[in-house]
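Peer 1: Sharing a structure with you now.
Please treat every number below as a calculation from the coordinates, not as lab data. All of these numbers come straight from a predicted model, not from anything done at the bench. Virtual Cβ from ideal backbone geometry, glycine too; neighbours counted across all protein chains shown.
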Amino acid sequence: MASLLPSALPHPLPAPAQAEQLEALAADLRAAGLMPLRSSGELEQLAADAFVYSPVLQPLLQGLRAQLGVRAESADQVLAVAAACVRHGVSLTLRGAGTGNYGQATPLAGGLVLELSGMNRLQQLDPSSGVFTAEPGILLADLEQQLQARGRELRLLPSTVRTASLAGYLAGGSSGIGSLRWGFLRDPGHLLGLQIITLEPTPRQLQLGAADAQAINHAYGCNGIITSITMASAEAVPWQQWVLEFPSWDQALVAAQQLPATALQLNALCALEAGVALWMPWPKGCPPAKADGHRLLVLAAPDARVALDALLPRWGGQLVWEEPQGQSRGIPLRELCWNHTTLHARAHDPSFTYLQLLLPQPEQPALAALRQRWGDDVLWHLEAVRAQGQQRLACLPLVRWRGREALDDLIRQACDLGCLLFNPHAITVEDGGLGGVDAAQVAAKASYDPAGLLNPGKLRGWLER
Ligand SMILES: Cc1cc2nc3c(=O)[nH]c(=O)nc-3n(C[C@H](O)[C@H](O)[C@H](O)COP(=O)(O)OP(=O)(O)OC[C@H]3O[C@@H](n4cnc5c(N)ncnc54)[C@H](O)[C@@H]3O)c2cc1C
């Protein structure tokens, strides 16, 4: 297998804009009432994301900057920005909150960065169906609060719920809290419509239905500027947070396999082996992890508690802490799972990076084979997910960085054992979560961004066409 780790930026990339192009663009932005941002501090802030978790991406992406930045607060302003970029042939990269892990919002070839945190309203919520429409820059935590006030909640949330934007999650994220019930963001049924602005010579504002919107879903902003999002929501549940502890990893794993197969209503289940649990900043009142205490972090409906009491002895586990979500002090469980586990582990030991795998079933043989070869250089962190209608375990192992060759070997072995890789050390849409070229994404780019100005270098299918 050839290396799946990039050693250079994708190509071909457009040349950065010339000084005259930038001046003409800045003049057009000012004429539209927008303030071009150009100080090195502003441009640095508009380029960074969490690609530092990858020692493969960090040397490739650090130092890359836009040449100009701008914040827009309305669709009319976005139309003006799009028209100005096309007029002057300057590339355009969208930015939400900049919490992506693969440099999704980092411009590879200079140009302009457009930030939409000012477009942050919940525009509509249908009380009977729960379908909502919101602007792209709304923070997920704000959106969640507004939905909950009306008895609804988001089906899926990243662990960055407090900082990430709705459009950034849709265009750059994939899964998270809720994936145990609701699968992945790209699964049909979550995204029901989009309003986008194109980068054609005369930019258009288009309303796309669910089918056409799917090509823009998880496309890193390469084929349209999202200005409004319509999605399904779920009935709000007062989720309870549980921390369960097991004396052996095998027992914790059995519980992680069997809990999602019960009739308990669960929203998340994260399994941390003892070495990882030791590094987590547990909520106030939760006992610190023991050196041999393997933990499950669970979000469950209140009525699940009675059934848990009957199940736990079967697996040899015990409930060591419980609090309703939103009422505990310190860091809530949902900020200890998904890639927040990686964040906290790296705070303890920055020599760790991570991988993202969907484990084959049964999971034990693959995990045992990997442990046998890699020992404590690979530490287990699992997340329960629903993949194509089936309960599965995803794995975000913490991996001690021993260089590219070792990471390549680990990936190769994991794939040989039947794991499906969602590579967090990749720059393009296809080489990361998507796995292959989606012809619909490339066709949408040809229609809506014929000059290839949007987030250049990130859509491999466009580069190879
Ligand atoms: C600690 C940590 C934990 C994380 N946990 C999760 C998790 O649980 N699940 C998960 O899926 N991800 C997770 N992520 C990754 C990231 O947080 C999510 O992808 C997040 O939702 C990105 O939102 P953002 O607003 O920061 O987007 P950004 O990083 O700013 O942008 C993401 C992509 O969206 C594009 N984009 C932004 N706005 C628009 C727009 N208006 N139109 C078109 N394209 C646009 C950008 O160009 C970029 O390509 C995690 C990251 C970190 C650092």
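Peer 1: Tell me, for the chain, which Cys residues have no other cysteine's C-beta sitting closer than 4.7 Å.
Peer 2: Cysteines lacking a close Cβ partner in the chain: CYS85, CYS222, CYS286, CYS395, CYS415, CYS419.
Peer 1: Let me ask something else about it. Extent of the range 299-433 along each principal axis, from alpha carbon coordinates, in Å, largest to smallest?
Peer 2: Each principal axis gives a Cα extent; for the range 299-433 these are 48, 32, 31 Å.
Peer 1: With each run of n ≥ 4 DSSP H residues scored as -39500 (n - 2.57), what mean residue ellipticity at 222 nm is computed for the chain after dividing by its residue count and rounding to the nearest 500 deg cm²/dmol?
Peer 2: Counting only the DSSP helices, I get -8000 deg cm²/dmol.
Peer 1: If you don't mind, there's one more thing I want to ask. Quick check: Cα centre of the range 98-134 to Cα centre of the range 374-431, how many Å?
Peer 2: For the range 98-134 versus the range 374-431, the Cα centre distance is 28 Å.
Peer 1: Report the label-to-label distance for ARG404 and ARG314 in nanometres (one decimal), using points 7 Å from each Cα along the Cα→Cβ vector.
Peer 2: If labels sit at ARG404 and ARG314, their model points lie 4.9 nm apart.
Peer 1: Please compute the Kirkwood hydrodynamic radius over the range 346-396, one decimal place, Å, based on all pairs of different Cα atoms.
Peer 2: After inverting the mean inverse Cα-Cα distance, the result is 12.1 Å.
Peer 1: Cα convex hull of the range 70-154: how many Å³ per residue? Intermediate values should be presented prior to the final figure.
Peer 2: On the way: hull volume 8.6 nm³, N = 85.
Measuring per residue, one finds 102 Å³ for the Cα hull of the range 70-154.
Peer 1: Taking a temperature of 25 °C and a viscosity of 0.890 mPa s, what whole-number D in µm²/s does Stokes-Einstein yield for the range 175-321 with Rh from Kirkwood over alpha carbon pairs? If you can, show how the numbers build up before the last one.
Peer 2: Numbers: Rh = 18.0 Å.
In µm²/s, the coefficient rounds to 136.
Peer 1: Let me ask you something else. What number do you get for the range 1-145 when its Cα radius of gyration is normalised by 2.2 N^0.38 Å, N = residues?
Peer 2: Scaled against compact globular proteins, the figure is 1.18.
Peer 1: Let me know the Rg and Dmax you get for the chain when you use only its Cα atoms, in Å.
Peer 2: Rg and Dmax of the chain, Cα atoms, are 22.3, 72 Å.
Peer 1: Looking at the range 1-76, I'd like the Rg to Rh ratio, where Rg is from alpha-carbon atoms and Rh is Kirkwood's inverse mean 1/r.
Peer 2: Rounded to two decimals, Rg over Rh is 1.08.
Peer 1: With contacts defined as alpha carbon pairs under 8 Å and 6 or more residues apart, what's the relative contact order of the range 196-317 in percent?
Peer 2: Here the relative contact order equals 29 percent.
Peer 1: List every residue whose amide H lies under 5 Å from the amide H of GLN391, counting only residues 5 or more places away in sequence or on a different chain, with H placed 1.01 Å from N in the peptide plane.
Peer 2: Amide H neighbours of GLN391, under 5 Å, 5+ apart: none.
Peer 1: Averaging sequence separations of C-alpha pairs under 8 Å and six or more residues apart, then dividing by the length of the chain, give the relative contact order as a whole percent. Can you show the working numbers first?
Peer 2: Values: 1034 pairs, mean separation 79.7, N = 465.
17 percent.
Peer 1: Now, a different point. Would you mind pulling out the separation of the Cα centroids of the range 157-219 and the range 34-86, in Å?
Peer 2: 20
Peer 1: Per residue of the range 193-205, in order, report the coupling 6.51 cos²θ - 1.76 cosθ + 1.60 (Karplus, θ = phi - 60°) as ³J(HN,Hα) in whole Hz, putting x for Gly and Pro.
Peer 2: x, 9, 9, 10, 10, 8, 10, 7, x, 10, x, 10, 9
Peer 1: Against the longest alpha carbon principal axis of the chain, how many degrees, from 0 to 90 and to the nearest 10, is the axis of helix 339-348 turned?
Peer 2: Taking Cα atoms only, the helix is inclined about 80 degrees.
Peer 1: Kirkwood hydrodynamic radius (Cα pairs, Å) of the range 354-465?
Peer 2: 15.7
Peer 1: Cα axis of helix 75-88 to longest principal axis of the chain: angle in degrees, 0 to 90, nearest 10?
Peer 2: 60
Peer 1: A further question on this structure: Rg (Å, one decimal) plus Dmax (Å, integer) for the alpha carbons of the range 284-372?
Peer 2: Using the Cα atoms of the range 284-372, the pair Rg, Dmax is 15.7, 42 Å.
Peer 1: What is the extension gain from ARG204 to ALA48, computed as 0.36 nm multiplied by their sequence separation minus the C-alpha to C-alpha distance, in nm to one decimal?
Peer 2: Stretched out fully, the ARG204 to ALA48 stretch lengthens by 53.2 nm.
Peer 1: Would you mind computing, in nm to one decimal, how far apart the modelled labels at LEU420 and GLN364 are, each placed 7 Å from Cα along Cα→Cβ?
Peer 2: 2.4
Peer 1: Let me ask another. Would you mind checking the tilt of helix 19-31 against the longest principal axis of the Cα atoms of the chain, expressed as 0 to 90 degrees and rounded to 10?
Peer 2: 90
Peer 1: To one decimal place, what orientation-averaged projected area in nm² is obtained for the convex hull of the Cα set of the range 134-212?
Peer 2: Average projection, Cα convex hull of the range 134-212: 5.8 nm².
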